[in-house]
Amino acid sequence: MPTPHIAAGPGEIAPLVLMPGDPRRGRRIAQEFFDDPRLVTDVRSIEGWTGSIRGRAVTVIASGMGIPSMSIYATELYRFYDVQRIVRVGTTGGLAEGQALGDLVIASSAHTDSALPGLQIPGVNLSHAPAYGMLEAAVDAARSRGLPYRVGPVLSSDTFYGSPPEKAAALAARGTLGIEMESAGLYAIAALEGREALTVLTVSDHILRGEEVSSADRETGYAPMVEVAVEALFS
């Protein structure tokens, strides 16, 4: 320590980590949810903040966009900073019928069109799944708070633009709840490192209906997602 991408010293990263994609969202989570947040790394403007929630140490650090970036940060956190649990908190394009903007998606698995997770065992397409105990705790937290949520698979895509509409329709027909860009990478690295992970997402747009929230709402409407994610970390 430090690693090529994280400058925190020994003991400055908590065993429990919240991981948004956006560094600005990470800073806001630290300021709004942490007691006594302190900046512990800012390599390449990817800020990491450590503080406490209800007396327990938690770190929030961004992953950046896409599976390659996620795999770098997740590997360094698990392998070199002894992180035990990571919850990705981010946004997703919704696919399900009746799914409203702002609803939560708790990812019980993560399909992907990326080759990266499949490189671990040649000839095997691994299933990318979260830690069950964390999944169960997130579901319990969402239910007890009366939050609108769904549990099911997402697609972690390598592309943000240019995906054909028929692809989204086919995924929806097979029960996929949303498309995002990181969860399969996180789940794959957690399995490789023998650690735990979960993804909790907020529906920021609906791909099949062509609806989306405003940029301001995308930046500020994450509190329910973070509350559910914290319960999964603490379970």
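The values are calculated or read from the model by the stated rules, or taken from the named source; none is laboratory data. Fair warning: this is a prediction, and the values are worked out from it, not measured in the lab. Cβ sites come from the backbone with ideal geometry, for glycine too, and all protein chains shown count toward neighbours. For accessibility, only protein heavy atoms count, side chains too; no ligands or nucleic acids. Shrake-Rupley method; radii C 1.70, N 1.55, O 1.52, S 1.80 Å.
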* Test result for residue 170, surrounded by fewer than 15 Cβ atoms within 10 Å (Cβ to Cβ) and within 16 Å of residue 113 (Cβ to Cβ) -> yes
* For segment 33-56, which residues satisfy the criterion of being among the polar types (S, T, N, Q) and either within 16 Å of residue 20 (Cα to Cα) or touching a Ser or Thr at 6+ places or on another chain (Cβ under 9 Å) (or both)? -> 41, 45, 50
* Keeping to segment 43-54, report how many residues are out of contact with any strand residue (DSSP E or B) (no Cβ under 8 Å at 6 or more places or on another chain) and open to solvent by less than 70 Å² (accessible area, probe 1.4 Å). => 1
* Is one or more of the residues making up segment 68-84 open to solvent by less than 10 Å² (accessible area, probe 1.4 Å) and part of a strand (DSSP E or B)? -> no
* What residue, of 93, 98, is out of contact with any Leu (no Cβ under 8 Å at 6 or more places or on another chain) and part of a loop (DSSP other than H, G, I, E, B)? -> 98
* Structure fact -> By my count, strands (runs of 3 or more DSSP E) wholly in segment 1-58 with at least 1 residues that are out of contact with any Phe, Trp or Tyr (no Cβ under 6 Å at 6 or more places or on another chain) and at positive phi are 35-41
* Asked: Can you tell me how many residues in segment 104-157 are among the charged types (D, E, K, R) and in a loop (DSSP other than H, G, I, E, B)?
  -> 2
* Hey, among 135, 116, which residue is more than 16 Å from the chain's Cα centre (by Cα) and crowded, with 16+ Cβ neighbours inside 10 Å? -> 116
* To do: For residue 206, work out the one condition from (1) open to solvent by 40 Å² or more (accessible area, probe 1.4 Å); (2) over 22 Å from residue 73 (Cα atoms) it doesn't fulfil.
  => (1)
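Which residue out of 101, 95 is more than 14 Å from the chain's Cα centre (by Cα) and buried (at least 20 other Cβ atoms within 10 Å of the Cβ)? First the steps, then the outcome.
Working: 101 fails: buried (at least 20 other Cβ atoms within 10 Å of the Cβ).
Among 101, 95, only 95 is more than 14 Å from the chain's Cα centre (by Cα) and buried (at least 20 other Cβ atoms within 10 Å of the Cβ).
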